[in-house]
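Please treat every number below as a calculation from the coordinates, not as lab data. Since we're looking at a predicted model, the values are computed, not measured. Every residue, glycine as well, gets a Cβ built from its backbone with ideal geometry; the counts of neighbours run over all protein chains shown.
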Amino acid sequence: MLRIDGSYGEGGGQILRTAIALSVITNKSVEIFNIRSNRPDPGIKPQHYVAIKSIEDLCGGESTGLEIGSSDLVFKPGEVKGGNYKFDVGTAGSITLVFQALLLSALKTHHPLTVTVKGGTDVRWAPSWGYFNQVFLCLLKKMGVSVDAQLIKRGYYPKGGGEDSLTIKPSEIIHPLCLDEKQNFTKINGVIHSANLPEDVSTRMKHAAIKTLMKKSLEADITVEDKPSISTGIGITLWTKSDSAILGSTMLGERGVPAEKIGGDAASNLIKDIESDANIDVYAFDQIVPYIAIAHKSSSCVVREISNHAKTNMWLVKQFFDVDFKLEKFGNATIVTT
């Protein structure tokens, strides 16, 4: 049985979710101890509980210590079964974080499955729905993962009420991520989503993003979606594609922060990645690390910055797979090869 220190590195819920998912893929039982022990509110939180319980149902696994507040969990995986599943994170717990764990768990499924989850679609400390669908899933599809997602209803903090579905089909092989050439990014796409706010808030956010991008001669096409939700919320997701790569940036609105600042900052973050000659953004690299480890050949990509989340994820996948990550400075970025 593998023993994983849940306090390693950034020591957050990512270690817990990813370790359980990798347990299913490798069919190795795992014990995670010191779960989130360095956090002000240590142990398993409700959103982690739902993610792990969902994986357990998906594969018929067995767990010991799966309860709110627990700092030690033992998980014995089973085989992923096809079919239709429905889960509820509760209030505004992140749907995309649950989907990330479920998708990785079901990567080697032999039968199609569809998972519908209720909760928060766009919440702090988690990928927005737009980023998850337009950036992360697009990268996975390039690697051969057969997956499609559908937004049913937006859900914001604090009440949530969002709903999304994810359909995963058997994938024959996971291809490496081969992004070792300089990319040309010229056009930016984006979406601003809002609920229960005046129209001018979205307009000001959109104009600020476009203005920031135009200063760098970048063409922008940003749509606005204003749909009702049981909680008030707003956010922006931007992305840009080349022939083989994609970069993304996402930000949520915050009470007391001008819409212009949110839009401008989201655009500036994307510009930083473009100007660093990166071909995968900081957050996507963090999330793609387990798939690089599973790919049948070596991968190569350029990322502006290796986040603490990414460093933790690289350490974690090395506990399950015989893989190494070589980091080499490349101007203002880092080349990562396996």
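Using 5 Å bins from zero, what percent of all Cα-Cα pairs in segment 187-275 falls into each bin?
Computed distribution, short to long bins: 3, 15, 29, 24, 15, 8, 4, 1.
With N set to the number of residues, divide the alpha-carbon radius of gyration of segment 47-187 by 2.2 N^0.38 Å and report two decimals. Walk me through the numbers on the way to the answer.
Values: Rg = 16.0 Å, N = 141, 2.2 N^0.38 = 14.4 Å.
Taking the Cα Rg and dividing by 2.2 N^0.38 Å, one obtains 1.11.
Report the antiparallel proportion of the DSSP beta bridges in segment 29-167 as a percent, rounded to a multiple of 5. Walk me through the numbers before you get to the answer.
Values: 18 of 25 bridges.
DSSP beta bridges in segment 29-167 are roughly 70 percent antiparallel.
Taking the Cβ of Asn196 as the centre, find all other residues whose Cβ is under 12 Å away and add up their charges (Lys, Arg: +1; Asp, Glu: -1). Intermediate values should be presented prior to the final figure.
Details: positive: Arg154, Lys159, Lys227; negative: Glu199, Asp226.
Every neighbour counted, the sum reads +1.
What aspartates and glutamates sit close enough to Lys216 to cross-link, taking a C-alpha to C-alpha distance under 17 Å and skipping anything fewer than 8 places away on the same chain?
Straight-distance partners of Lys216: Asp265, Asp273, Glu275, Asp277.
For a Förster distance of 41 Å, can you work out the FRET efficiency between the beta-carbons of Asp148 and Trp125, rounded to the nearest 0.05? Don't skip to the answer; put the middle values down first.
Working: r = 25 Å, r/R0 = 0.62.
FRET efficiency, Asp148 to Trp125: 0.95.
Work through the residues other than Lys153 whose Cβ is under 11 Å from its Cβ and net out their charges, Lys, Arg +1 and Asp, Glu -1.
Numbers: positive: Lys118, Arg154, Lys227; negative: Glu163, Asp164.
Its environment carries a net charge of +1.
Length gain on complete extension for the stretch Trp315 to Lys216, per 0.36 nm per residue less the alpha carbon to alpha carbon distance?
Details: separation 99, 0.36 × 99 = 35.64 nm, distance 3.68 nm.
Gain on stretching Trp315 to Lys216: 32.0 nm.
Which value, in debye to the nearest 20, describes the size of the charge dipole of the chain about its Cα centre when Lys and Arg Cβ atoms bear +1, Asp and Glu Cβ atoms bear -1, and nothing else is charged? Display every interim value, and only then the final one.
Numbers: 37 positive and 37 negative charges, 24 e Å.
It comes to approximately 120 debye.
Calculate how steeply helix 95-105 sits against the longest principal axis of the alpha-carbon atoms of the chain, using the helix alpha-carbon long axis, and give the answer as 0 to 90 degrees to the nearest 10.
It is inclined by approximately 50 degrees.
For the pair His296/Phe330, report the inter-label distance in nm, with labels modelled 7 Å from Cα in the Cβ direction.
Inter-label distance under the simple model: 2.4 nm.
Got a sec? How would Ile188, Ile20, Ile335 order by Cβ neighbour count within 10 Å, fewest to most?
Values: Ile188 24, Ile20 28, Ile335 17.
Ascending number of Cβ neighbours within 10 Å: Ile335, Ile188, Ile20.
Listing Ile35, Ile210 from the residue with the fewest other Cβ atoms within 10 Å to the one with the most, what is the order? Spell out each step's value before the answer.
Values: Ile35 27, Ile210 20.
Least to most surrounded, the residues fall as Ile210, Ile35.
Under 10 Å from the Cβ of Ser94, count the other residues' Cβ atoms, weight Lys and Arg +1, Asp and Glu -1, and hand me the total. Could the numbers behind the result be given before it?
Working: positive: Arg124; negative: Asp122.
Summing Lys/Arg as +1 and Asp/Glu as -1 gives 0.
Listed here are the pairs Lys211/Lys241; Lys108/Lys187; Lys159/Lys211; Lys108/Lys326; Lys81/Lys159; which of them are more than 24 Å apart at the Cα? List each step's numbers first, then the result.
Details: Lys211/Lys241 20 Å; Lys108/Lys187 35 Å; Lys159/Lys211 33 Å; Lys108/Lys326 26 Å; Lys81/Lys159 31 Å.
Flagged as over cut-off: Lys108/Lys187; Lys159/Lys211; Lys108/Lys326; Lys81/Lys159.
Note the full-extension length gain between Lys86 and Thr223 as 0.36 nm times their separation in residues minus their Cα-Cα distance, in nm to one decimal.
The Lys86-Thr223 span can extend by a further 46.3 nm.
Go ahead and collect, in residue order, the members of segment 88-112 whose backbone nitrogen is under 18 Å from a label point 7 Å along the Cα-Cβ direction of Glu79.
105-112
Give the order of Leu327, Leu16 when sorted by the count of other beta carbons within 10 angstrom, beginning with the fewest. Present the calculation step by step, with values, prior to reporting the outcome.
Details: Leu327 13, Leu16 25.
Placing the least packed residue first, the sequence is Leu327, Leu16.
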